[in-house]
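The values are calculated or read from the model by the stated rules, or taken from the named source; none is laboratory data. Since this is a predicted model, take the numbers as computed values, not measurements. Here Cβ is always computed from backbone atoms with ideal geometry, including for glycine, and neighbour counts include all displayed protein chains.
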Amino acid sequence: MNLVMLGPPGAGKGTQAALLAEKIEVPHVATGDLFRTALKEETELGLSAKSYMERGELVPDEVTVAMVRERLLEPDCDTGVILDGFPRTVEQAEALEGILAEQSKTIDAALFIDAAEDELVRRLSSRWTCRNCQAVYNIISNPPRQEGKCDICGGELYQRADDVPDTVRNRIRVYWDQTSPLVDYYRGKGLLITIKSEGGIESVQGKILKALEAL
């Protein structure tokens, strides 16, 4: 089964993708991980991506697509894959279809993990970071034992600028501006499955599995 995971910041897309990959026994391919690995190993594509990043430029689609193609050709992807962070645009979605078509495969579904904006803001603005060791806490799901202090080193906890509510709301607006066409694209192909990110992690996972069983 080949699946695409979509969802705004704070919806829990990455968590659900990792759980689902374990459940249905296919690789969870997150593009962020692909980039970090390629940069660390200094692969040809990694060095190409690095050259753009060092100039403060966006990595071109062709480099990202090539990384994804390389990963999808690995043997562990033969039985399927869960893509997280790719595609981000309609152009990338079309490129993905081309990659899969080379292997006589198609996308089975695009899972859109959605949540109300106020809930996304609540989740994302609950994140606090230690000034000393950079440990991250969430006052909702993973609070420190002592308010305002790091469990690990006792350092002061602070809220990063990109975790402040107003900034979070802007991040969500940017996401929608960029991703709405992609959601519409998969909806138009009859592949979009919307899952409301309400309740606990296991509850959301149950909704996903139920939706996939109906395919």
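Scanning segment 120-134 for residues that are exposed (fewer than 15 other Cβ atoms within 10 Å of the Cβ) and not basic (Lys, Arg) gives Asn132, Cys133, Gln134.
This table checks each residue for (1) in contact with a Pro (Cβ under 8 Å, 6 or more places away or on another chain); (2) farther than 25 Å from Asp166 by Cβ; (3) of a type in the set (Gly, Ala, Ser); (4) not in a loop (DSSP other than H, G, I, E, B).
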| site | (1), (2), (3), (4) |
| --- | --- |
| Leu3 | no, yes, no, yes |
| Ala11 | no, no, yes, no |
| Leu19 | no, yes, no, yes |
| Glu22 | no, yes, no, yes |
| Val26 | no, yes, no, no |
| Val29 | no, yes, no, yes |
| Leu34 | no, yes, no, yes |
| Leu39 | no, yes, no, yes |
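Those strands (runs of 3 or more DSSP E) of segment 88-195 in which at least 1 residues are under 25 Å from Ile208 (Cα atoms) and touching a residue at least 40 places away in the same chain (Cβ under 8 Å), considering only elements entirely within it, cover 109-114.
Among the residues of segment 24-71, those identified as more than 21 Å from Gln92 (Cα to Cα), modelled with pLDDT under 95 and either of a type in the set (Lys, Arg) or within 17 Å of the chain's Cα centre (by Cα) (or both) are Lys40, Arg55. Do we find that Tyr158 is at negative phi, aromatic (Phe, Trp, Tyr) and out of contact with any Lys or Arg (no Cβ under 6 Å at 6 or more places or on another chain) in this structure? Here the answer is no, as Tyr158 does not meet what is asked. Could you say whether any residue in segment 50-59 is outside any helix (DSSP H, G or I), in contact with a helix residue (DSSP H, G or I) (Cβ under 6 Å, 6 or more places away or on another chain) and surrounded by 15 or more Cβ atoms within 10 Å (Cβ to Cβ)? Checked segment 50-59: at least one residue is outside any helix (DSSP H, G or I), in contact with a helix residue (DSSP H, G or I) (Cβ under 6 Å, 6 or more places away or on another chain) and surrounded by 15 or more Cβ atoms within 10 Å (Cβ to Cβ).
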